[in-house]
Structures are given as structure tokens and as C-alpha cells.
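See structure below.
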Amino acid sequence: MASADIGLIGLAVMGSNLALNIAEKGYAIAVHNRTASKIDDFMVVAKEQGLDGKVVPEADIKAFIQSVKRPRSIIIMVKAGKPVDEMIEQLLPMLEQGDAILECGNSLYTDSQRRYDYLKTKGIGYLGIGVSGGEEGARHGPAIMVGGPEQQWKNAQPILEAISAKFNGEPCCAYLGEGGAGHFVKTIHNGIEYGDMQMIAEVYGVMRDGLGMSPKQASDVFVEWNKGALNSYLIEITGHVLAAVEPKTGKPLVDLIVDKAGQKGTGVWSAIVAQQLGVPATAIEGAVAARSISSRKDERIAAEAVYGKIATGKASVSLADLEKALLAGKIVSYAQGFAVMAKASEENGWNLPLATIAKIWRAGCIIRSRFLDQMSAAYAKGGADNLLMVPDFVEIMKDANQSLRRVVSAAALGEFPMICLSASLAYFDSYRQARGTANLTQGQRDFFGAHGFELSDRPGEQHGTWPSTLGK
Ligand code: NBP
């Protein structure tokens, strides 16, 4: 007898926590995992939390499918990539028309689009769902970005909304469009997250090397900043990370952590897709590049030996400027991320709701912040697609870009790397410059490749008569 409201396959970190969250919200959930012993382990935890009564454990996959009420919603939370395709093939013969697979891992959005198209031909719905918030979010309320067929979204909507994070009582969960829209938005979320983290790291670098601040002093500043315009999860945890002490040595933990940042691919995907769409996303690209440079520790050690160590303690910059520079950099980075989404929406016919996306990122996800509340309100008022042209943000940028300018200048002269903040400033200056320098580029292109150019005083494509020798 089908008794479960929803099914979930994949009881690793994310799947287990999501399943407990669903059970806690009062829904009966059937669970399955390839390695059956993990189901037993999960049931021990479910029992400890008083939720086992809501869970239907099934080691046999056919019995698992049969235990879910129709039309079925089956969450798969297995490793992204090939395991997802294998799982889909395994499930297909067991599913019936109208059922849906809800894939909640970190899938590449083009994979989600392909799976959506494929399952559509079989009469099965495929929802590609971006879930942000890590382990804690999965258990207590993540931000949920849904893409796929609208009907199957409606079937699963009450459960997905119930388990999502809430901001002022509103669920941080929304249907964003057909096909790969959900995973696309999650990818850009992660790209923006890379930018936020890198800009924070660059400011920390100035505090540490330029202003000679201890981790605890820097922590105190982040705690203070978290009470103002920068209020966000990432600023909050930065305060915590900087304050942590390593118990064996009594030293600040952050000073002992090796300066090589890992990455799993979503930042790179967002940078690639931005380039493919022809939308500049220099902050995301800078953040990805910074992680790559960080991982080349041996090369950096060798280069420092050649060029010399930077002199510490000589940055002439105020904490107030650093705070505003971070805000300005963040506005530019979000403007870029949202511009990438707007273009992708147009290209793929998704009709992505930008104000809603800002809304569902206000809680649950890693980039949650006060800023996103302000941003969703500004987008909802309409008036402009690029955040740099949205009236409320124009006012902030007019003031804050001066701080960004001072900070980037001080960093350049003090030799502190600022790959992301300087990229944000360069984008801002290029974006607001009515007469750029591409006229020269066009001349060069015509010189060596006869690519042609437009002239400002007449219509049609033109070519230049270029001198081959230059006399005095
Ligand atoms: P993992 O990504 O580590 O995947 C482990 C799960 O995949 C286990 O249940 C494993 O079953 C199952 N699995 C594998 Br591996 N190959 C399989 C196959 N061929 N057929 C069936 N099942 C298979 O789990 P996770 O860390 O919970 O992450 C799940 C998804 O969520 C990933 O896409 C991840 O990128 C994404 N995500 C993770 C986080 C995070 O903080 N961890 C945050 C946001 C999103 P087994 O037990 O039999 O080996």
C-alpha cells in the first residue's frame, strides 16, 4: 500500500538531512539508498529525533517506489553526474505517467535540461532543483530553486515550501522556469557566493598585511559590520572564523590554515556560462581565478623569492572605506550575476523572475543577507534590469564607488592583491563610460582582418584605408 507522501533516494549528508526535515514537517517519507546499511543508520538517527514514525525505509527499490502515493515525487540526492543518469535509468521502468523525479544535487544545468527533455518524451516530469544552505540548511530550511515542468512542481510545492527557509514568514522556495532553470540559478548563486567570499578575503588581506591587525581585531570589525549594510551570513561567519583559536597551540586557527582554496566547479561553470552568453561577470571570474592562484602555492613561494615580500603595515586606508568598498564590490558582483541570469532567461525562454530570485535568497542559502531584501524590493519596483541602474542602488554606488576606488588604489600601491574588488571597479568604470576605447580596437581589427567598423556619422559597415608605412 502506498503510504508515503514523497520518496527520497540517497541518504548521504544532504539526503539524510532533507529527509529528516520533510518528516519533521509532518509528511510521510519513503527512503532508499544503494547501500542498504545506510538506511539502517538513518533510521537510528530518525528514531533519536522522534521522527521514525514518519519514515518508510525500503531497501528494495521496487517496494520503495510502490510505497509512494501517486502522482509520485521522488527526490534523488545522489552524487552529481553519472550516478544521477544511472539512477534515472533504474527508476524509469518503475515510474508511471505523471510521476516526477526531483533531482536536488549540484547538477550542471545543461545536464538538467537534457534530462528534462529526455524524461518529457517518457511522460515523466524532471525537476532540477538547486538546494543551498549545506547540511544545516537541508535539515532546518534551505533556499530551494526549482526548474522543470510546472504541473509536477505544483504536486511537490506544499512539501518543498514547508521544508524551505522562511524570511518574514515567506518561503525561500520558488518555481523559476522550465528545464534547467533551477540548477542554472543555483549555479549563479554559487558564482556570486565565490565573489562575496573572495572580496571578504581581499579586505581581510588589507587588514592583516596592510593595517597589521590581528585575527581577533579583524573579527571584531566583521562583527561590527554585520550590524550594518553588509549584514549577511558570510560576514557573520567571517567574524566567527577569525575569532577561532586552535586548541593545541592557542594560536588563531585562521593563521594555521593553509592558504589554498578548494573548489568543486560551480564557480567555474558560472564564469564559463557568463562568457558564453557574452555577459561580463568579472567579479565571479576574478574569484575563480583567485582560488586557482591560491592553489598554486609552490609557484607563489618561488615568485615571492624573485620579486620580494610585500612590506606589511603600510596601507593607507580606513576601515570605513574598506566597509563601503566591500558594499560597492558586492553591488557590482550581484549586478553582473543578475545580468547573466537575465540574458540566460532570454536565450532559454525561461522568463526568470529576478525579484523572486533575490527574495528566495534572503534566507537559507549561503549568500543570504539584508542586502538581498533591499535588492528584491528594488527589483520589484521595476525600472531597470541592471542593478547598477536601479534607483536605490544608484544612490549607494554614487557614494560607495569612491571608497572602492580609494581601497583599490591603496591596495595597488601597497602591493596587496585585489583580483576581485579591482575587477568590480574596472567593470563599474567601463559600464558607466559612454565613450569607451573600442573604437581603437575596431580600427586594429579592420587593419589586420578587414573586420569592418561603424562610423558615428554615417550608416553601414565601413573599412579604413590604413597607411602601411609611417613617415615623419
Ligand atoms: P554525495 O555527493 O557524497 O553522494 C553520496 C550519495 O550518492 C550516497 O547516497 C551514494 O550511495 C549515492 N550514490 C553514488 Br556516490 N553513486 C550512486 C549510484 N551510481 N547509484 C545510486 N546512488 C549512488 O552526497 P551529498 O554530500 O549528500 O550530496 C548530494 C548532492 O547534493 C550532490 O550533488 C552535492 O553536490 C549536493 N550538495 C551537497 C552539499 C553539501 O554540503 N554536502 C550542499 C549542497 C548541495 P551509497 O551510500 O550507496 O554510496
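The values are calculated or read from the model by the stated rules, or taken from the named source; none is laboratory data. Since we're looking at a predicted model, the values are computed, not measured. Glycine gets a Cβ as well: all are built from the backbone with ideal geometry, and neighbour counts include every protein chain shown. Keep in mind that these areas ignore ligands, DNA and RNA; they rest on the heavy atoms of the full protein, side chains included. Shrake-Rupley method; radii C 1.70, N 1.55, O 1.52, S 1.80 Å.
Some notes on this structure:
- One compactness figure for segment 356-462 is 1.49, namely its Cα radius of gyration divided by 2.2 N^0.38 Å.
- Scaled against 2.2 N^0.38 Å for its residue count N, the alpha carbon radius of gyration of segment 368-417 is 1.47.
- Taking each residue as 0.36 nm, the span from Glu89 to Tyr307 lengthens on full extension beyond its C-alpha to C-alpha distance by 72.9 nm.
- Using the average count of surrounding beta-carbon atoms within 10 Å as a protection proxy, the listed peptides 386-395, 145-154 rank, highest first, as 145-154, 386-395.
- With the highest mean first, a sort of the peptides 240-252, 180-192, 25-37, 5-17 on other beta-carbon atoms found within 10 angstrom per residue produces 180-192, 5-17, 25-37, 240-252.
- Surface calculation, 1.4 Å probe, protein heavy atoms: Lys314 sits at approximately 100 Å² accessible.
- Rounded if a/c under 1.5, otherwise prolate or oblate - segment 1-73, Cα gyration tensor axes: oblate
- Over 24 Å (Cα to Cα) - which of Lys227/Lys330; Lys25/Lys227; Lys227/Lys398; Lys79/Lys186; Lys38/Lys82 fall in this group: Lys25/Lys227
- When the alpha carbon gyration tensor of segment 146-270 is reduced to an equivalent ellipsoid, the three semi-axes, largest first, read 37, 17, 13 Å.
- A simple packing score, the average count of other Cβ atoms within 10 Å per residue, orders the peptides 96-107, 448-459 as 96-107, 448-459, with the highest score first.
- In the frame of its principal axes, segment 172-221 has Cα extents of 51, 18, 9 Å, reported largest first.
- When restricted to Cα atoms, segment 252-350 yields an Rg and a Dmax of 17.6, 52 Å, respectively.
- Under Karplus coefficients 6.51, -1.76 and 1.60, residue-wise ³J(HN,Hα) of segment 180-190 in Hz, glycine/proline x: x, 4, x, 6, 5, 4, 5, 4, 5, 3, 5
- Ranked by solvent-accessible area (1.4 Å probe, protein heavy atoms only, all chains present), the residues Glu323, Glu193 order from largest to smallest as Glu323, Glu193.
- Per residue, the convex hull spanned by the alpha carbons of segment 82-164 comes to 93 Å³.
- Of every Cα-Cα pair in segment 1-153, the percent that sits beyond 23 Å: 29 percent
- Summed over the residues of segment 326-420 and divided among them, the accessible surface reaches 37 Å² per residue at a probe radius of 1.4 Å.
- Element breakdown for segment 228-326 at a 1.4 angstrom probe: carbon and sulfur atoms account for 59% of the accessible area.
- Accessible-area order (highest first, 1.4 angstrom probe) of the listed residues Leu253, Leu425: Leu253, Leu425
- Kirkwood Rh (inverse of mean 1/r, distinct Cα pairs), the chain, angstrom: 24.5 Å
- FRET E, pair Glu461, Asp385, Förster distance 25 Å, beta-carbon r, rounded to 0.05: 0.30
- For segment 361-410 and segment 183-259, distance of Cα centres in Å: 20 Å
- Each of Arg370, Arg115, Arg291 has its accessible area taken with a 1.4 Å probe; listed largest first, they run Arg370, Arg291, Arg115.
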